1. With respect to residue 175, determine if the residue is in contact with a Phe, Trp or Tyr (Cβ under 9 Å, 6 or more places away or on another chain) and among the basic types (Lys, Arg).
2. What residue, of 87, 150, 156, is crowded, with 22+ Cβ neighbours inside 10 Å and in a loop (DSSP other than H, G, I, E, B)?
3. So if I check each of 80, 47, which one is modelled with pLDDT under 90, among the basic types (Lys, Arg) and more than 18 Å from the chain's Cα centre (by Cα)?
4. Is segment 229-247 home to any residue that is closer than 15 Å to residue 283 by Cα and surrounded by fewer than 16 Cβ atoms within 10 Å (Cβ to Cβ)?
5. What are the pairs with Cβ atoms under 6 angstrom where one residue, in segment 167-181, is open to solvent by less than 20 Å² (accessible area, probe 1.4 Å) and the other, located anywhere, is hydrophobic (A, V, I, L, M, F, W, C) and in a helix (DSSP H, G or I)? Sequence gap at least six, or different chains.
6. On the basis of being touching a residue at least 24 places away in the same chain (Cβ under 8 Å), open to solvent by 10 Å² or more (accessible area, probe 1.4 Å) and part of a loop (DSSP other than H, G, I, E, B), does residue 104 make the cut?
7. Output yes when any residue across segment 281-290 is over 21 Å from residue 47 (Cα atoms) and either free of Cβ contacts under 8 Å to residues at least 40 places away in the same chain or over 19 Å from the mean Cα position of the chain (by Cα) (or both), and no when none is.
8. Identify the residue in segment 286-320 that is assigned to a helix (DSSP H, G or I) and of a type in the set (D, E, K, R) and, among all such residues, is farthest from residue 257 (Cα to Cα).
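The values are calculated or read from the model by the stated rules, or taken from the named source; none is laboratory data. As the structure is a computational prediction, the values presented were derived from the model and not from experiment. Positions of Cβ are generated from backbone atoms using ideal geometry, with glycine treated the same way; all protein chains shown enter the neighbour counts. To get the accessible areas, we keep the full protein, side chains included, count just its heavy atoms, and leave off ligands, DNA and RNA. Shrake-Rupley method; radii C 1.70, N 1.55, O 1.52, S 1.80 Å.
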Amino acid sequence: MVNESSRARRRFLSHCRNLVAGGAIARLGAFSGLSLGASSLLAQDDRFLSKTIPGGEESVPSVGMGTWITFNVGENETLRKARLEVLKTFFELGGQLVDSSPMYGTAEAVMGYFMEQLPEQESSLFSATKVWTRDEGRPQIRDSLDLWGLEAFDLLQVHNLVNWREHLALLRDMKEAGQVRYIGVTTSHGRRHGELEEILKEEPLDFVQLTYNIVDREAEDRLLPLAQDRGVAVIANRPYRQKQLFHRYQSEPLPDWADEVGCTTWADFFLKFIISHPALTCAIPATTQVEHMRENMAAMRGVIPDARQRERMAQYVQSL
């Protein structure tokens with residue numbers, strides 16, 4: 001259970017952030033962010049790549065964190081302790097956006113417990129979750145707020161387009177009332193792209209979440225350009241195909257020109273490809289290990305590939 005005094009404090013902070021976030025707020029953390037286009041380079045220093053959310057001045061670090069499977073640990077103390085170290089490392093290295101869902105078992109409850117343990121990180125958190133029900137969504141959203149211990153979420157999304165018309169109408173009303181800052185829809189596994197395209201064309205959205213990685217590139221054809229044109233932020237899920245990319249390629253060598261794109265690990269290679277796309281706002285890999293989290297966060301630093309380098313990266317993977 002979330003401690004009541006901690007819950008009240010976090011709800012108060014969340015409410016204050018919601019009130020001042022009328023379009024853009026500058027987030028302060030241990031590191032300085034730098035917003036760049038895909039053709040830009042970053043020096044080898046403490047700066048990291050952040051992306052501006054379209055329609056305002058607020059930016060988020062280009063690598064966030066997913067909680068699917070990894071945070072579904074219930075009340076197992078050993079697993080909670082290990083995952084807490086992962087989350088601490090995420091924040092220490094400049095992370096902000098954490099994505100979850102009522103579909104993810106106990107992940108939201110675990111996230112609320114963790115934020116009780118990390119009160120100093122409350123102002124850094126960019127909270128993103130989803131509504132996932134065929135019934136009216138408000139009760140589920142209230143449950144999620146209670147589990148996270150928040151007054152309001154930064155981002156609420158319709159999970160996998162379930163009952164999306166009804167839920168989007170609700171989320172718009174909530175945004176108008178100042179009960180959520182951003183709203184969006186999600187798909188995964190490369191599904192329902194045709195329907196997602198029509199929603200992007202017709203509906204006013206702040207965010208869209210979809211599957212995009214170095215081998216799943218269908219979104220490049222229509223969805224990513226459309227999101228750019230419509231001024232919609234894009235979150236990339238399944239950046240590693242849920243470990244499949246590592247299982248397939250980790251025994252292969254990185255190309256001898258990997259240092260030209262700032263890559264020393266396959267995690268670097270896969271994530272830099274994603275976050276360097278000009279339409280992408282944030283990728284959300286999930287992990288259970290601190291060292292892997294360090295690798296994920298390292299992808300925001302150093303050289304950011306340009307369009308020519310990105311294509312070379314994709315061709316190399318395709319050749320293996």
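1. yes
2. Exactly one residue qualifies, and that residue is 150.
3. Of 80, 47, the one residue that is modelled with pLDDT under 90, among the basic types (Lys, Arg) and more than 18 Å from the chain's Cα centre (by Cα) is 47.
4. Taking every residue of segment 229-247 in turn, at least one turns out to be closer than 15 Å to residue 283 by Cα and surrounded by fewer than 16 Cβ atoms within 10 Å (Cβ to Cβ).
5. Final answer for the pair search is 180/174.
6. yes
7. no
8. 291
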